[in-house]
Amino acid sequence: MPDLKTVEDFKRYLELGGIGAIEARIERVFSARFVELKEKILRLFAIEKADQFAANVLLTSILVDTRALFLESDRQKRNATLQTVYRARRMEERAEAVDAIFDEEVLQGKSMREVIKGWVDKRVVHIDWLWDDDEILLSKQMESLIFESGMRNLLQVLLELIAEYEEVVIRLGKDSQEQIDRVFRAMTGGMEAGG
């Protein structure tokens with residue numbers, strides 16, 4: 001919710017969409033990128049053996065999207081992450097569950113969050129200088145996270161999170177503003193329960 005101090009602030013807020021407008025806009029941006037993430041994963045599965053170069057490009061893009069859509073700092077309340085979207089919808093438990101997935105220890109005392117952020121931040125969006133040993137370790141951690149069968153495969157985790165979000169959208173509306181509107185209509189008799 002914005003910091004509204006004056007009547008003019010409030011009027012402007014209503015003109016721009018009112019309750020839930022900011023959150024809805026964040027979710028629209030998030031949702032568009034989330035749809036693209038799902039498409040990238042499905043295309044990767046379809047081409048990974050036939051076109052290794054395209055598969056690597058898609059995988060890199062998927063990792064960048066994962067960093068952006070799940071692993072941003074929770075101090076930034078308006079980042080378009082799945083957790084922010086769930087919090088805007090008053091679904092704190094789901095937001096915490098997403099964090100728990102990425103904070104789970106998966107490799108040598110490292111969480112999925114640490115491995116992905118380390119790789120994307122140091123080898124994709126920046127090329128940080130690393131000692132050879134650190135470079136090898138970072139590479140092995142990323143390979144293990146993506147390819148090893150002894151743990152939950154990153155791509156499968158992402159598809160599960162996407163499916164859960166799609167279910168929320170089907171049940172509650174395309175964004176938090178539509179969810180609020182549905183609740184108001186249901187409470188005021190403007191909509192039958194369950195419809």
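Bear in mind these aren't lab numbers, they're just calculated from the coordinates by the rules spelled out. Treat the numbers as computed from the prediction; the structure is a model and nothing was measured. Quick reminder, even Gly has a Cβ in these numbers, built from the backbone with ideal geometry, and neighbours come from all protein chains shown.
Looking at (1) within 26 Å of ALA100 (Cβ to Cβ); (2) touching a Leu at 6+ places or on another chain (Cβ under 7 Å), which is the one condition that is false for GLU36?
Going through (1) within 26 Å of ALA100 (Cβ to Cβ); (2) touching a Leu at 6+ places or on another chain (Cβ under 7 Å) one by one, GLU36 breaks only (2).
Scanning region 100-116 for residues that are assigned to a helix (DSSP H, G or I) and without any contact (Cβ under 8 Å) to a residue 12 or more places away in the chain, which turns out surrounded by the most Cβ atoms within 10 Å (Cβ to Cβ)?
Out of the qualifying residues, it is GLU114.
I'm checking my understanding of the structure. Among residues of region 99-121 that are under 12 Å from THR66 (Cα atoms) and of a type in the set (A, V, I, L, M, F, W, C), which one is nearest to the chain's Cα centre (by Cα)?
Out of the qualifying residues, it is PHE102.
When you scan region 1-99 for helices (runs of 4 or more DSSP H) that lie fully inside it, which ones turn up with 3 or more residues that are surrounded by 13 or more Cβ atoms within 10 Å (Cβ to Cβ) and on the phi < 0 side of the Ramachandran plot?
21-47, 52-70, 82-88
Condition first: among the small types (Gly, Ala, Ser), over 13 Å from the mean Cα position of the chain (by Cα) and surrounded by 16 or more Cβ atoms within 10 Å (Cβ to Cβ). Can you find one or more residues in region 124-140 that meet it?
no
Report, by residue number, each residue of region 141-168 that is in a helix (DSSP H, G or I), of a type in the set (D, E, K, R) and either within 18 Å of GLU105 (Cβ to Cβ) or over 19 Å from the mean Cα position of the chain (by Cα) (or both).
Across region 141-168, the qualifying residue is only GLU143.
Which residues, counting only those in region 24-59, are under 12 Å from the mean Cα position of the chain (by Cα), within 18 Å of LEU154 (Cα to Cα) and in contact (Cβ under 8 Å) with a residue 60 or more places away in the chain?
PHE34, LEU37, LYS38
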